[in-house]
Each structure stands twice: as C-alpha cells, then as structure tokens.
Amino acid sequence: MISLEQAVACLTEQVTPIKETEQVSLESLSGRILAQDYTAPFDQPPFPRSPLDGYAVRGEDTTGTSHEMPVSLRVIGKVYAGHTFEGEVQPGEAVRIMTGAPIPVGANAVIRQEDTDYGCERVGLYASVKPYQNYCYAGEDFQKGTVLLKKGTVLNAYDMAVLASLGYGSAVVYRQPAIAVISTGDELLQPGQPLTAGKIYDSNRILINSRLQALGIPSALTLHCGDSAEQVAEQIREVSAHCDIIITTGGVSVGEKDIMHGVLKCLGVEPLFWRVAVKPGSPTLTAVYQDTLLICLSGNPYGAAANFELLVRPVLAVLTGNSRLCMKVKTAVLTNAFPKQGKMRRFLRGYTKHREVQAVTGNHSSGALSAMLRCNCLIEIPPEQNGAQEGTQVRVHLL
C-alpha cells in the first residue's frame, strides 16, 4: 500500500505532455491549449478612430468656445464606421463622425454631438476640446508585433475574441487526450434497459465520462464488459492503440469476481501499484500496457468518484499541460462533527461555502451515490484521528 502522494507521483511519471497539434476553427477553441504564440499582425485599431458620435475638428479651432461664446465651423462631410473620409480637414472645418469611424486627416480631436447644435452645413460648437481629446490612436489597444497570446494559454472567451480581432479564423492547439472508460461487472445493465432481478444500472461509466466532459476533456470511448478477464483484456488491446489513458471501474478487490488482476496477467503487464492509503477507493490498481496508462478504479460509486478526482485529474493535468485540471485545496471550518475514527486518510463528501464546510449527513457508504448530490468538495480527515469535531479546521479539495 502506498500513500496518495506516492500514487500521484507514480502515475504522473508514466505520462508525457501531448505534443501533437491540430488546426481548430475559432468557434471550437474554448478550453483548448495554444501550441504556438500569436502575434499582432497590425496595429489595433489600425487607424485613429473616434470613440463617440460627434464632429472631427482641429482642437485649435475650438479654443475658448462656450455656450456664451460659440464657434461655427463649416461641415465638409460625414463618415461612418467602416468608411473613410477622402478629404482633409482645414482650419475652420469639421466632419460629422460616428463612433468607430476613422478620424479624417487634418482633424486631431472629436467634439461630442451633445456639445453642438447638430448642424449639417455648418455646426455650432458650445464647448472646447484640446488637440487629441476624444481621439483613439492607431495601436492604442495593441501594436503590430506584440505577442498577445502565448503558447500554453488555455483559451477562454476573451482570448478567442482577441484571436478574432487579429483576423484569425482558426488556431493551432494541442490535440485533446484520448480516453476510454470501461465499466466491468455481470450485474450491470445499461440505463434504458428494463431492470431485472439481481441487476443494477451502470452509473460509473456515466459518472467518469461526465466528469471528463466537465473538465473540458472530450467525450470518452465508453464500454461495458462482463466479469471475464479475457474479455476485458481483449477490449483493452483493441482500444489501447488509440488511447492515452484507459480507466476501468470494478473488479479491483480480492473477491472471486475481482478480475482486474487477471486482466493484467492476460495483458502480460505488472502492476505499478494496487492499494492506496485512502478511504474510499483504497483498492486501486494501475499499470502501463503498450504506452497506455491503465487506471482501474473501485466499482463502488464514491470510491470511483473520489479516486478519479484524487488520482486521474493530476494525470490529466500533466498530459494536457493544463495545471487547472488539478483540484484546488483550501482550509475551512467543519460545521458538523464526523466522529468516526479511521486508520487511513479519509475523504468525506461535503459542501463548502466561503470559509466553512459541511460533511454530508446520513449514509457515508462508498456505495451511496445519492450522497454526492449537491457536493462540491472532498473533506480530508487525517489518519489515526478520532474523526473531526465541529469547529475543526480541515483541508478541503474543491471539485
């Protein structure tokens, strides 16, 4: 039996960050990781532009202007966003201008329309503007040659908007991890089938795949196998060439139907480790088959869920180069007691808000899937401790 930290170190040593890349369209880039730097190919804005509706003028022509001493300028044209004014503003002249439009040559300021009489052929000004007031310079947002997005960036909506503003319709990103999830057990029926005597529905396959999707990992290849070591081994052989990681649930303990040890023998591989000093999910079996990492989780729903968070997520973080996939840890005050003593490090289901955390009440069995409802964290209880009393400060792993 090894510690959680030793288990994580062992597993993360087996994977290397994905280096293969692909070109992906802009609309599909959310959550993807850039495989190269992206540099501005031009100034943004590419021309001096107006930040408001008004009149482009020479600031010098408005000196001393007020309601009591208005100035009248000749209007020589109009310019909208997306268009240009071909002439040049001379002393005593103005151009009607709209927000976002290029400021005409010769003008060096924009007076807002509210400070004018909205004139068409001549415009009366009732306020002064200094040169370069209400004037957005070319390159004010960013300048040509500036590295705006760096290799390794996990793209969000703002990053994608910047790419769009640079004119990119796609970007080069690292490929996403390929994962297979195999649930095992003769007792499992697939959701939608009629429930028959002695059977239960397969929830672990849905649980693991849904957690992967919630973390931004694409939908896994999901399979179900009965309690046959040869059948499970054959499934692993078939999918391993196309997978970075294969996650199985069930068959990892020591009963007659705990087949995963036999699966490894069929595959001709030795385990990296079998048991981890945590509860739930201690009997976790791992190995490497033809460069594919095999992580065999407990068949108990909470055991599978907890060790997916504790063991699989750090592996995904290394594989993708995205450290955000690791759980964040904080400290919080436990608002209800958990008096049960344990020899192993225990992780309780809980709900945390601000600096407090509450352990779920009622059934703490690792087979109680409904106890995960509304949980947003795992509460860590150290080993060899008489549980945790109300008011105890505990480590909280955020889901």
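Quick note: the coordinates plus some simple rules give every number you see, no bench work behind them. Here the structure is a predicted model, which is why all the values come from computation and not from measurement. Neighbour counts are summed over all protein chains in view; Cβ atoms, including those assigned to glycine, are modelled from backbone coordinates with ideal geometry.
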What percent do you get for the relative contact order of segment 260-318 when only Cα pairs under 8 Å and 6+ apart count?
24 percent
Once both label points are put 7 Å beyond Cα along the C-beta direction, the residue 10-residue 60 separation in nm becomes 8.0 nm
Relative contact order as a percentage, the chain, C-alpha pairs under 8 Å and 6+ apart, gives 16 percent
Can you give me the Rg/Rh ratio for segment 100-205, using Cα atoms for both radii and the Kirkwood formula for Rh?
1.43
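With +1 assigned to the C-beta of every Lys and Arg and -1 to the C-beta of every Asp and Glu, and no other charges, what is the dipole magnitude of the chain about the Cα centre in debye, to the nearest 20?
1180 debye
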Using a cut-off of 14 Å between alpha-carbon atoms, which aspartates and glutamates can reach residue 78, once sequence neighbours fewer than 8 places away in the same chain are excluded?
53, 86, 88, 93, 121
Neighbours of residue 203 by Cβ distance under 13 Å: Lys/Arg at +1, Asp/Glu at -1, summed charge +1
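So which trypsin sites (Lys or Arg not before Pro) in segment 132-162 pass both tests, a DSSP loop state and at most 13 other Cβ atoms within 10 Å of the Cβ?
Listed in order of number, the matching sites are 144, 150.
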Applied in sequence order to segment 262-272, the curve 6.51 cos²θ - 1.76 cosθ + 1.60 (Karplus, θ = phi - 60°) yields integer Hz couplings, x standing for Gly and Pro, of x, 4, 4, 5, 4, 7, x, 10, 9, x, 6
Mind running the shape call on segment 263-330? Use the C-alpha gyration tensor, a ≥ b ≥ c as the square roots of the eigenvalues: rounded below 1.5 for a/c, prolate if a/b tops b/c, oblate otherwise.
oblate
Considering the dipole of the chain built from charges on the beta carbon (Lys and Arg +1, Asp and Glu -1) around the Cα centre, which of 362, 300, 148 is farthest to its positive end?
362
D for segment 51-92, whole µm²/s, Stokes-Einstein with Kirkwood Rh over alpha-carbon pairs at 10 °C and 1.306 mPa s: what number?
132 µm²/s
Taking every DSSP beta bridge that has both residues in the chain, what percent is antiparallel when rounded to the nearest 5?
65 percent
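With only alpha-carbon pairs counted, each pair once and no self-pairs, how large is the Kirkwood hydrodynamic radius of segment 1-118 in angstroms?
Radius from the Kirkwood sum: 19.1 Å.
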Of the options 288, 259, 181, report the single residue whose Cα projects farthest towards the positive end of the charge dipole of the chain (beta-carbon charges: Lys, Arg +1; Asp, Glu -1).
259
Per-selection Kirkwood Rh - segment 285-378 (Cα, Å, 1 d.p.)
15.1 Å
Roughly how many Å is it from the Cα centre of segment 274-350 to that of segment 102-154, as a whole number?
55 Å
For residue 333 and residue 373, compute 0.36 nm times the residue count separating them, minus their Cα-Cα distance, and round to one decimal in nm.
12.3 nm
Simple label model, 7 Å out from Cα along Cβ direction - residue 326 to residue 364, nm
2.8 nm
Calculating Rg/Rh (Cα atoms, Kirkwood Rh) from this structure picks out, from [x] 1.01; [y] 1.23; [z] 0.96, entry [y]
Note: probe point = Cα of residue 113 + 7 Å toward Cβ; backbone nitrogen < 17 Å; residues of segment 61-79 passing the test are 75-79
Rough spin-label spacing in nm, given labels placed 7 Å along Cα→Cβ, for residue 47 and residue 68
4.0 nm
Using all Cα-Cα distances in segment 212-281, what percent lands in each 10 angstrom bin from 0 up to the longest?
17, 47, 32, 4
Just to confirm the number: angle between the C-alpha axis of helix 204-214 and the first principal axis of the chain, 0 to 90 degrees, nearest 10?
20 degrees
Work out, step by step, the length gained on full extension between residue 290 and residue 261: first 0.36 nm times the residue separation, then minus their alpha carbon distance; give nm to one decimal.
8.7 nm
Could you tell me whether segment 243-289 comes out rounded, prolate or oblate from its Cα gyration tensor? Rule is a ≥ b ≥ c as square roots of the eigenvalues, rounded for a/c under 1.5, then prolate if a/b exceeds b/c, otherwise oblate.
oblate
Count the net charge of all other residues whose Cβ sits under 15 Å from the Cβ of residue 234, scoring Lys and Arg as +1 and Asp and Glu as -1.
-1
Just name one of 128, 118, 341: the one whose Cα is farthest towards the positive end of the charge dipole of the chain (beta-carbon charges, Lys/Arg +1, Asp/Glu -1).
341
